[in-house]
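Here, each number is a calculation from the coordinates, and none is a lab measurement. Just so you know, these numbers come straight off a predicted model, no measurement behind them. A quick note on method: Cβ atoms are made from the backbone with ideal geometry, for glycine too, and the neighbour counts reach across all protein chains shown.
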Amino acid sequence: MAEVELRNLRKDWDTATAVDDVSIKIENGEFLAILGPSGCGKSTTLFMLAGVYLPTSGDIMFDGARVNDVEARLRNVGIVFQSYALYPNMSVLQNILFPTRFQKTDDAQARAHEMAELVQITDLLGRRPSELSGGQQQRVALARALIKRPNLLLLDEPLSNLDATLRLSMRAEIRRITRELGVTTILVTHDQLEATTMADRVMCMNKGRIEQVGSAADLYLRPDTLFVAGFIGSPPINLIPPDRDVLSLPDRCHTLGLRPEALRVSEVGMPATVLSVEPMGREAMMTVDTPLGDLRFIEATAQPKYRPRDLLRLTFDNADTILFDAKGQRIPEAHATLKETAYA
Amino acid sequence: MAQIDWDQLAAQSRRHRLIKNSCLILFLTLVSVPVILPFFWVVVISFSARTGGVESAILWRACAVLVPAVLAYGVAHLTLPRIAHRLLAGAGILGLTALGLWLSVGAELHLNNYRFLINANLIEDIRGAGTVGGQFPWVWTAFGNSLLVALCSTVMKVTVATLAGYYISRFQFRGRNGFLQGLLIIEVFHPWMLTIPIFLVIYWVGLLNTLAGPILVLTAIGLPFFIFIMKGFFDAVPWDIEMSAMADGATRRQAFHMVVLPQVRPGLIAVGVLGFITGWEEYVFVTALRTGNSYWVMSTYLYYVAEDVMGVDYGLVAAVSVFYMLPSLVLYLACQRYLTQMKLGGIKG
């Protein structure tokens, strides 16, 4: 178990900068998710932590000691790859035992069985990886990553090859196991749901830079940047250039963010025409034409009441508006208010 | 909507399938005849020819049994849908064929042509000791030399091609693309074009008239192709697995041995078999790199038997041919499923 710190970490490839000035401190036993679109540098960061890539500059610290130059095999880091990367020529048990072949371990067999029990694959130990389902392979990969009691557990998109139901149960499962062991864990994912449900803190990255670090609620309710606002939330937030005829807001506001569920139907409000209705199961997503422009709006009902071309009136709480300046930074403690002219 | 007569459609489909399969089997049988017949002929001659003459009548009598047998199996294959029945019919036809062959040509068969296997002084016995003066070796000497050439060059080819293929597949280095293209360009030129320069090089380094000469030359000539094949196999092994092994505590070399190498085993076998067969059947360079009869291998032995000594004893020539063919054939049959997995790696990779 270790406390991990990145200081001004940077990685340049021949043609591009993959990771640019990333600094973060991860507490002992914490579960951090690195979230971002593909190509944002999250996997590069992960592989630098593992020791597969060498950073161009900056420091990687484990428990306060610089480990930049320590080889991958000596860092005592467990990795679960997206492809699971099980060794096809070995049985499940041999796969789990593989890391112990390089360490002095007296109780390797006992530990392997303990790990198999933890991830619930005790009846599969004799099989080959090719005879396992995706979820079972995932569990084997997890057991193999954990058997050497790693300082740090790295998960690289571990759930993206699983089907939706399995993903849901594995999410809880991985969370349970990491809690039980108290291991410091870093999860890399492009799936916001995965990040927000599993992690204590989420670090959102874009183009090699950190956009924001915080809890799931921080990122959702108080996104620091336009990118975070647009990336987090499904269906996505409404980002509109404010029309000052119908809105009163600070002068430097350049973009107005309004979550689809912040809008609600009311007696008094701006007029809206329904353009389309998409039932999504528990709720329905509608696109409506308003004085602010076309907005996404969520109606919290399984049985939609409105149909295209219906007229309704919409309003929102001023506190739910999020304002951004011309650079895409959030303007703290500032909100927008609808003017009377909008009601016409 | 009109009533569809499913039974009629099913009958039609069955008929189409039967015609298609019959045509296919007939076609495949016909194209395989020119390939199989010479081999069959050589085998028949080696067991039947008596001093000098070739009894073609034996071949025709054997064919008179075999052709109906093949046709009968074709019909059985088409008409019997169950595999167990087919196997049973096949075994029955095989038994009948063996019986037919025994009855038609059995009396003509003998092993006299294979006497070269146990007679160390074959030529002296035929021609008299004075003529060739003990230069001509026992077949097992040539066999041993051929084995040595084939095995040594195979081991070197497999070792170098594996390490080079791995490096090219995994590492970026200056001139990598040029190197890969160079490998391909070498394949454009036939190695025989290089016979004279190779002879000179071997002469200057003093390996003329030693088996080391052909071993090294064969290794060098075979390598570009084998490196390409091994690169293709390594390209197919995912990076993740290697990274995972290294994160699990293995050094790069351990990861290579324990995780990567087992996955290119089909490639190692394919390259090994091909390398062995090319070494086993080599004639041009083993002849070019010796002056006089300093060493004998199977190919030069066969040539000598066929051309220099017994221009007319086809029985003996055929028997030596069969003996020469056997190791390649066995090896090929045992490993052919690995050979079909070969693929060439691209330049980019």
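List of remarks:
- Cα shape, the stretch A:192-270, gyration tensor, a/c 1.5 rule: oblate
- When each full DSSP H helix of chain B is screened for a Cα extent of at least 15 Å along its own axis and an average Kyte-Doolittle hydropathy of at least -1.0, the helices passing are B:6-48, B:56-79, B:83-105, B:139-170, B:176-188, B:212-235, B:265-281, B:314-339.
- Peptides ranked, highest mean first, by Cβ atoms within 10 Å: ranges A:209-216, B:60-67: A:209-216, B:60-67
- Total charge dipole magnitude, chain A, about the Cα centre, Cβ charges on Lys, Arg, Asp, Glu only, Debye to nearest 20: 660 debye
- Charge sum, other residues only, whose C-beta stays under 14 Å from A:His254's C-beta, Lys/Arg counted +1 and Asp/Glu -1: +1
- Spatial separation of Cα centroids for the stretch A:175-205 and the stretch A:246-281, in angstrom: 32 Å
- Projecting label points 7 angstrom from Cα along Cα→Cβ for A:Lys339 and B:Ser22 puts them 9.0 nm apart.
- Residue-count net charge about A:Met48 - beta-carbon cut-off 10 Å; Lys, Arg +1, Asp, Glu -1: +2
- Summed side-chain charge close to A:Pro308 - residues other than A:Pro308 whose Cβ falls under 12 Å, Lys, Arg +1, Asp, Glu -1: -1
- Pairwise Lys count, chain A - Cα closer than 26 Å, eight or more residues apart or different chains: 13
- Summarising the strand pairing of chain A, around 70 percent of its internal DSSP beta bridges are antiparallel.
- For the segment B:259-266, counting C-beta atoms of other chains within 10 Å of every residue's C-beta and taking the mean gives 2.
- The protein assembly as shown, Rg to Rh (Cα coordinates; Rh as Kirkwood inverse mean 1/r): 1.15
- Sites B:Thr340 and A:Met280, calculated FRET efficiency, Cβ-Cβ separation with R0 51 Å, nearest 0.05: 0.55
- Stretchable slack from B:Ala64 to B:Thr29, in nm (0.36 nm times residue separation minus alpha-carbon distance): 11.0 nm
- Beta bridges per DSSP, both residues in the protein assembly as shown: antiparallel share near 70 percent.
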